1. Could you tell me how many of the residues in the range 118-139 are within 18 Å of the chain's Cα centre (by Cα) and in contact (Cβ under 8 Å) with a residue 12 or more places away in the chain?
2. Kindly list, by first and then second residue, each pair from a residue in the range 228-252 that is farther than 25 Å from Ile78 by Cβ and among the small types (Gly, Ala, Ser) to a residue that is open to solvent by 60 Å² or more (accessible area, probe 1.4 Å) and modelled with pLDDT under 95, limited to pairs with Cβ atoms under 9 Å and residues at least 6 apart or on different chains.
3. Looking at the range 61-80, can you tell me whether even one residue there is more than 29 Å from Ile242 (Cα to Cα), touching a helix residue (DSSP H, G or I) at 6+ places or on another chain (Cβ under 9 Å), open to solvent by less than 10 Å² (accessible area, probe 1.4 Å) and outside any helix (DSSP H, G or I)?
4. Which of the residues spanning the range 176-198 are at pLDDT 85 or above and open to solvent by 80 Å² or more (accessible area, probe 1.4 Å)?
Amino acid sequence: MQVFHKSASALSRSGKLCKVSTRGRMMKWFRWVWAVVTMAVLANGFRVAMYVVPADRDQGDLSRILYYHVPTWCGMAIFFAINLLCSIVYLVVRQSNRSLALRADALAVSSAEMGVVYCLIGMATGSIWGKAAWGIWWTWDARLTTTLILWLIYIAYLLLRRFASGPEMRTLAAVLAIFGYADIPIVYMTTRWFRTQHPAPVFFGGPNTGLDPSMLPALFWNMAGWIMWGCLIVSLRYAAEIRAQRGAESAAVAALEAA
């Protein structure tokens, strides 16, 4: 009877491993397809932005950097929002549902990394535009200053994740993420609340704002491509973080058994 139970247990573990392996192969193929489609969308976005849509009447070809500046800002807002939601989920369920809490934590840190990258790209493209339009790389304008503060907050979040450990680290990081996201509406509203050197809002800025319809295809193609690329990288980092969590738990169990 004992042999029978051991055999049944072994068969159960084998079945679970087979399901995990099949799911892993399907995710691998899905990521490859997603990557190919993403590259195609980004390539078409570059073609439309550089060769199809007309140059701006006032800024000329300098305006084409908008097709990369705006999508990275949108991507930043999306991935920081995901980080916020996952951090809240972690704080709510960390005591009652450890598995869900760890998955939310893994997605939180993965999306924060992508948000930091997009924030950096947004500041870099903005500085390039500023050098050409204003003659300077940087100014302590309200929009730029609050954006730099936002980037530094999430850098602090990632440093906390890197150099601290244990469940307390995850809790502190989740609280910091909620605090950090509070700066995003401030960044967005700076051009409405203050007299800034930064250009007035192009979208939802009131009368006589917005893009000419002929420029929208380039913006939409690049926005889709950059968000798709961000989702791909986040999925890879999420999978790596889940593997790291499982490895840490296995090491902890082995240490307890050895003790």
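The values are calculated or read from the model by the stated rules, or taken from the named source; none is laboratory data. The model shown is predicted, which means the values in this text are computed figures rather than measured ones. Using ideal geometry, Cβ is built from the backbone for each residue, glycine included, and neighbour counts are taken over all protein chains shown. Quick note on the areas: whole protein, heavy atoms, side chains included, nothing else; ligands and nucleic acids left out. Shrake-Rupley method; radii C 1.70, N 1.55, O 1.52, S 1.80 Å.
1. Count: 7.
2. Final answer for the pair search is Ala248/Ser165.
3. no
4. Once the filter is applied, which keeps residues that are at pLDDT 85 or above and open to solvent by 80 Å² or more (accessible area, probe 1.4 Å), the range 176-198 yields Phe179, Tyr188.
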